[in-house]
Each structure stands twice: as C-alpha cells, then as structure tokens.
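Below is one structure, written out as structure tokens; comments come after it.
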Amino acid sequence: MKRIFSGFFLVFLLLITSLPTYAATTNIQIKVDGVVIPSDVKPEIRNNRTMVPLRVISENLGAKVDWSDSEVTLTKKNMQVILNLHSNTVMKNGKTSLLDVKPYIKNKRTMVPLRFLSETFGCKVNYRYSTVSVDCEALMIDGVKVKALQEEYHMTMGGVVQQINGNAYNETIYNIFVENKGNKVEAPANYSWMYTMDTLGSYYKNSQYDFLNLEGKSLKRFDIYSLIKTFSDEALEGYPEVLIHDATEN
C-alpha cells in the first residue's frame, strides 16, 4: 500500500583579560557522528566557548530552523529552542536559560555556542586537540539500534548505492518519512526504475531507503515514487504526484 508523501589564534593573556569579548579564529574541525562538517565560516573561540554557524550545526543535528526578524526557533522532536541575536537569553520549551556568549553575526552567518546546542538536542561533546566531536544517540526502530541508512537511486547511466552513518541525520530522515505520511492510496498499477513508461498513471521509482541494523539487515524500508507526466494535467487528475511505499509493512 502506498501513501502520499509530502580559527586557533593565540591571544596574549593581558589581551584576553582586558578584552574578554574578542574572538579568536581557530582551525577547529567539527565532526558530527564522525563526519566532518564543512562551513564557509570557520568556528572561533569567544569567552572560552566554541562558536559555530547556527544553521550548519543545527541542521546537522537534525533541527529545523525558522527565522522571524532577529529571532530564530530551532525544533527537534519535543524540544524547541528560541534564540535572539545579541541576547544571552534563550527559551527552552518555554523555560528561560542564559548563554555564556550571545549569538552574533559574522560574515552574514549567525554564530552560536556549539556545546549549548549540541547538549540541548541530546548529543555529547568531546574535545581532542583541534577537533570537536559531537556524538548523538543512535536511532532506534522497534527497540533495535540503527547502524546506517542505505540509499539507492538510479540514473540514466546506472544506479548508486551509498550508506550514511550519521545518527542525527538518519533520525531526521526517518522522522520525515513517519511524520509526512498522508492518506492511504492504492498501489500504482505500473512503476519502474526507468523513466520511460508511457502508460497513464505510471510512476518512476526515485529512490529506496533502508535503515540497517548492526548486522546490515534492513529494519525499515521506504520507496519513493513520482508520477510520470507524459500525459496532460487533465488526464493525470486524481493521481498523486509523489508516493511513499512503506515496504516493511507492504
């Protein structure tokens, strides 16, 4: 059954003491679940806190980012965080907390404390030399730990299979599938990995996502299909444009 889917610069001690708000550019490398996170603005140290671009770290932790003027709301599962530029006051699920360093703008990016955001969203932070590692809890499906997400998709010259081991990323993708299921519809009569079918109501299989356990076996699989539009809009009326198939539940 298918469903509709919608940098490190050494600062002299006297300078640190007299100007505590200055930032030190570093060569710090940020890793989330073992994966290096690239950013066009380098992390930096301010008041002994590692500051990183908000959107880069938030989205790699699986949090949704919404802006309204100078206020930003971060949401992940049952946690909501509201930050304001140049204010050390932050709201966590309606309760007020204080940041050691206020968010600020650098090169058109909002910089925020790495540890605060990581720990707020249930991840652990460890420092080793010039690397900061953020480790999040593994996704659990029916009480079983997910080791990796395997994605398979096909193109004109062949298919691609890749595995992603980031815990926060895998959890985010899984939640997108679960939370965006729509109404049940009948399975399409015709579908294929190839975008060549010319039968009315045919679907192209875009990709296949398998959430793998520690032994590499699939715990949950979702297939994504899109409607092949070789017919007029009138003829295709009533056919959902995108379908998600929960292959585990068939």
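The values are calculated or read from the model by the stated rules, or taken from the named source; none is laboratory data. A quick note: this is a predicted structure, and the numbers were derived from the prediction, not measured. Because the Cβ atoms are built from the backbone with ideal geometry, glycine has one as well, and the counts that use them run over all protein chains shown. Note: areas computed on protein heavy atoms with side chains; ligands, DNA, RNA excluded. Shrake-Rupley method; radii C 1.70, N 1.55, O 1.52, S 1.80 Å.
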- Mean Cβ count within 10 Å, highest first, over the residues of peptides 93-104, 167-178, 75-86: 167-178, 75-86, 93-104
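Compare the peptides 141-153, 119-131 by average per-residue count of other Cβ atoms within 10 angstrom and give them in order, highest first.
Numbers: 141-153: 15.2, 119-131: 13.5.
With the highest mean Cβ count within 10 Å placed first, the list reads 141-153, 119-131.
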- Task: For the range 22-72, just say rounded, prolate or oblate: build the C-alpha gyration tensor, square-root its eigenvalues into a ≥ b ≥ c, call rounded for a/c under 1.5, and beyond that prolate if a/b exceeds b/c, oblate if not.
- Result: oblate
- Item | Value of [θ]222 nm, deg cm²/dmol, for the chain, DSSP H segments ≥ 4, -39500 (n - 2.57) each, nearest 500 | -3500 deg cm²/dmol
- Alpha carbons only, please: Rg and Dmax for the chain, in angstrom. 22.5, 76
- Task: Can you spot the lysines whose alpha carbon is less than 26 Å from Lys229's alpha carbon? Ignore those fewer than 8 places along the same chain.
- Result: Lys2, Lys181, Lys184, Lys205
- Task: Would you mind checking the radius of gyration and Dmax of the range 123-176 based on alpha-carbon positions, in Å?
- Result: 14.8, 45
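Efficiency by 1/(1 + (r/R0)^6): what FRET value for Ala235 and Leu98, r their Cβ-Cβ distance, R0 = 51 Å, to the nearest 0.05?
The computed FRET efficiency comes out at 0.25.
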- Query: By how many nm would the segment from Asp40 to Asp142 grow when fully extended, if each residue of separation counts as 0.36 nm and the alpha-carbon distance is taken off?
  - Reply: 32.9 nm
- Pairs Lys147/Lys220; Lys147/Lys217; Lys64/Lys220; Lys64/Lys108: which exceed 21 Å Cα-Cα? Lys64/Lys220
- Could you tell me what percent of the accessible area of the chain is made up of carbon and sulfur, with a 1.4 Å probe and every protein chain present? 51
- Please compute P(r) over all alpha-carbon pairs of the range 127-250, binned at 10 Å starting from zero, and give each bin as a whole-number percent. 12, 35, 29, 16, 6, 2, 0
- Note on the structure: Under Stokes-Einstein, the range 89-133 at 37 °C and 0.692 mPa s, with its Kirkwood radius over C-alpha pairs, diffuses with a coefficient in µm²/s of 270
